[in-house]
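Chemist: Following this message is one structure expressed as C-alpha cells.
Nothing in this text is a laboratory measurement; each read-out follows from the coordinates by a stated rule. In this text, all values refer to a predicted model and were calculated from it rather than measured experimentally. Reconstructed Cβ throughout: ideal geometry from the backbone, glycine too, with neighbour counts over all protein chains shown.
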C-alpha cells in the first residue's frame, strides 16, 4: 500500500508543479492572416498572485466580473502589448474576452483569454512583425508564438524568429506571396 501511495505521489508531483503559484503566466499566440494579425493572449495567474489580477479585473470589488469590467481590463492589458509591422506601430482592436468564474481565478486554476486583431496590408515580399508584451501585474513568465493562416489568395512563410530571453518580445521575419 505504501509503495502504491509513493508511486501515485511521484506521478502527481509534476502536475502539481506545472503552474507556478507565485507568477502570472502569459501566452501570446499571434496568427498572421489575410489583412490582419490576430492575437490570443492567455493570462494565467497563480494562486499567490491571483488577487493582484482580480483587483484590476473586478473594479468594484463585488466578487463578480461584469462584461464592462472585463473589457476595461482587457483594454488596459492590450495597451501594454505592442505590435509593429515593419517600423509602423499597429493598434489592437479588442474582439472578445473569456473570463472564467471568479472563484476559479482566485485559486489559480483558470485561464483568462483576450482576443484582439490588428489590421495590416498584404503586400508581396519580405516583411517583419515585432510583438512585445509589457503587462506585468506580478512576477511573470511570458511566451509568444506565431501561426500562419493563409487564405484569400495569400500565402505566408516564416523565414526567421527571435525571442527575448524573458519571452516578452518576439520578432518574426516572413514572406508574403500570392497563391
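Chemist: Between the helical axis of 2-16 and the dominant principal axis of the chain, each derived from Cα atoms, what acute angle in degrees is found, rounded to the nearest 10?
Modeler: Value to nearest ten degrees: 40.
Chemist: DSSP beta bridges in the chain, what fraction antiparallel, as a percent rounded to 5?
Modeler: Here the share of antiparallel DSSP bridges comes out near 85 percent.
Chemist: Between residue 80 and residue 56, 0.36 nm times their residue separation minus their Cα-Cα distance comes to what?
Modeler: Contour length minus the Cα-Cα distance gives 7.2 nm.
Chemist: With an 8 Å cut-off on Cα pairs and a minimum separation of 6 or more residues, tell me the relative contact order of segment 35-125 in percent.
Modeler: This gives 46 percent for segment 35-125.
Chemist: Right, something else. Once you have all Cα-Cα distances for the chain, histogram them in 10 Å bins from zero and send the whole-percent values.
Modeler: Over the chain, the share of Cα pairs per 10 Å bin runs 9, 33, 28, 18, 9, 2, 0 percent.
Chemist: Run through all the Cα pairs of segment 55-102 and give the fraction in each 5 Å bin from 0, expressed as whole percent.
Modeler: 4, 20, 25, 19, 12, 9, 6, 3, 1
Chemist: Along the Cα-to-Cβ line of residue 163, 7 Å from the Cα, sits a label point; which residues in segment 134-149 have backbone N less than 11 Å from it?
Modeler: Label zone hits: 142-146.
Chemist: Working from Cα positions, state the angle (0 to 90°, nearest 10) between the long axis of helix 67-79 and the longest principal axis of the chain.
Modeler: Here the helix axis deviates by roughly 60 degrees.
Chemist: Follow-up. Relative contact order of the chain: what whole-number percent is it, with Cα pairs under 8 angstrom and at least 6 residues apart?
Modeler: 26 percent
Chemist: Nearest 0.05, what FRET efficiency do residue 64 and residue 88 give at R0 = 41 Å with Cβ-Cβ as r?
Modeler: 0.55
Chemist: Same structure again: Regarding segment 60-165, what are the three Cα extents along the principal axes, ordered largest first, in Å?
Modeler: Principal axes ranked by extent give 52, 32, 22 Å for the Cα atoms.
Chemist: Restricting to DSSP H runs of at least four residues, report the calculated mean residue ellipticity at 222 nm for the chain, -39500 (n - 2.57) per run over all residues, nearest 500 deg cm²/dmol.
Modeler: -7000 deg cm²/dmol
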